[in-house]
Amino acid sequence: MKLVTYLQSGAERVGILRSDGAAVRPLPCPDMNTLIESGNLADIAARAGEEIPLETVTLLPPIPRPRQDIVCLGMNYKAHLEEAAGYDAGAFAKEKPVAVYFSKRVTEAVPPEGFIQSHPGLVERLDYEAELAVILGKAARNVRAAEAGEYIFGYTIVNDVSARDVQTGHKQWYFGKSLDGFTPMGPCIVTAEEIPFPPALAISARVNGETRQEASTAWLINSIAEVLEELTAGMTLLPGTIIATGTPAGVGMGFDPPRFLKPGDVVECEIEGIGVLRNTVK
């Protein structure tokens, strides 16, 4: 099942996207967070309304306003770890094979076809990062890796837009990852039963039609199951928690010379079975 949040006649709604992507069936639920937290997707889906042509509505991020910061994995693909260390070893060197966690503030996510803000005067090195995002469907505490799949509501795409100069200049990642307009998300949530666990999906990013990133989510250094087991050993993760699993090689800072984004650039992040998240730098 593919779930979307959309705008119709000025009202925000949630619905089920038809398999061909041409129509949506509205659900009797006020927003995606409420739907996830209900733990009752099957019953709510059974009460879906009549189809509405997708062309008559505007797609929003599937979770426009996450209840908490996104939990992010840093340098979770080997080749990206190497290119990041080559760009700035002091900021990105990783001496031990442990997961690198950070959080990303999201006041409001950017919709498919929405704009990435370039923040002129603050940001000079604007970068993209295509990532598979995992969305939890129930509270998670002391999860065993073998049971991790049972806690997943679904998957979506996140572009972890990053200001590299702000990120490296402050020697921490929160500010440089959390500026307004830095979290494109979508185009939908694919529910967990549609994707075998652990997901092994083709992931890519294109800038102005040129492929920059191309990998598989099977190549994660720290798997989704390992991450859930480790995090929940010491903290409770609530329903609706979003975990961005890291980005593969091919980001702008990985080129020699680096190839950062500029206004007018179009970034397309694509993950097999989920769709394409397309955004323009403004």
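The values are calculated or read from the model by the stated rules, or taken from the named source; none is laboratory data. No experiment lies behind these values; they were computed from the predicted model shown. Quick reminder, even Gly has a Cβ in these numbers, built from the backbone with ideal geometry, and neighbours come from all protein chains shown. Ligands, DNA and RNA are stripped out before the accessible areas are found, and what is left, the full protein with its side chains, is counted by its heavy atoms. Shrake-Rupley method; radii C 1.70, N 1.55, O 1.52, S 1.80 Å.
A compact table of results
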read-out: Per-region count, segment 1-21, residues open to solvent by less than 50 Å² (accessible area, probe 1.4 Å) and either without any contact (Cβ under 8 Å) to a residue 12 or more places away in the chain or assigned to a loop (DSSP other than H, G, I, E, B) (or both); value: 2
read-out: Count of segment 200-237 residues which are in a strand (DSSP E or B), open to solvent by less than 40 Å² (accessible area, probe 1.4 Å) and within 9 Å of Pro248 (Cα to Cα); value: 5
read-out: Segment 130-168, residues that are among the acidic types (Asp, Glu) and open to solvent by less than 10 Å² (accessible area, probe 1.4 Å); value: Glu131, Asp160
read-out: Among (1) farther than 24 Å from Leu231 by Cβ; (2) open to solvent by 50 Å² or more (accessible area, probe 1.4 Å); (3) out of contact with any strand residue (DSSP E or B) (no Cβ under 7 Å at 6 or more places or on another chain) - the single one Glu83 does not satisfy; value: (2)
read-out: Top-ranked residue in segment 169-193 [being of a type in the set (D, E, K, R) and either modelled with pLDDT under 95 or surrounded by 14 or more Cβ atoms within 10 Å (Cβ to Cβ) (or both); ranked as nearest to Ala45 (Cα to Cα)]; value: Lys177
read-out: Some residue of segment 45-68 being assigned to a helix (DSSP H, G or I), open to solvent by 40 Å² or more (accessible area, probe 1.4 Å), touching a Lys or Arg at 6+ places or on another chain (Cβ under 8 Å) and among the hydroxyl-bearing types (Ser, Thr, Tyr); value: no
read-out: Verdict on Phe115 being among the hydrophobic types (A, V, I, L, M, F, W, C), open to solvent by 10 Å² or more (accessible area, probe 1.4 Å) and out of contact with any Leu (no Cβ under 7 Å at 6 or more places or on another chain); value: yes
read-out: Tabulated pairs, segment 163-179, first free of Cβ contacts under 8 Å to residues at least 24 places away in the same chain, second loosely packed, with under 15 Cβ neighbours inside 10 Å and not in a helix (DSSP H, G or I), C-beta under 8 angstrom, 6+ apart or interchain; value: Gly176/His170
read-out: Any chance Ala42 is modelled with pLDDT of 95 or more, surrounded by fewer than 18 Cβ atoms within 10 Å (Cβ to Cβ), of a type in the set (Gly, Ala, Ser) and not in a strand (DSSP E or B); value: yes
read-out: Residues of segment 248-268 satisfying the condition of being of a type in the set (D, E, K, R), over 15 Å from Glu210 (Cα atoms) and either in contact with a Lys or Arg (Cβ under 9 Å, 6 or more places away or on another chain) or open to solvent by less than 10 Å² (accessible area, probe 1.4 Å) (or both); value: none
read-out: Sole residue being modelled with pLDDT under 95 and at negative phi, chosen from Glu50, Glu131, Glu82; value: Glu82
read-out: Selection count where residues are part of a strand (DSSP E or B) and over 22 Å from Pro196 (Cα atoms), scope segment 238-282; value: 8
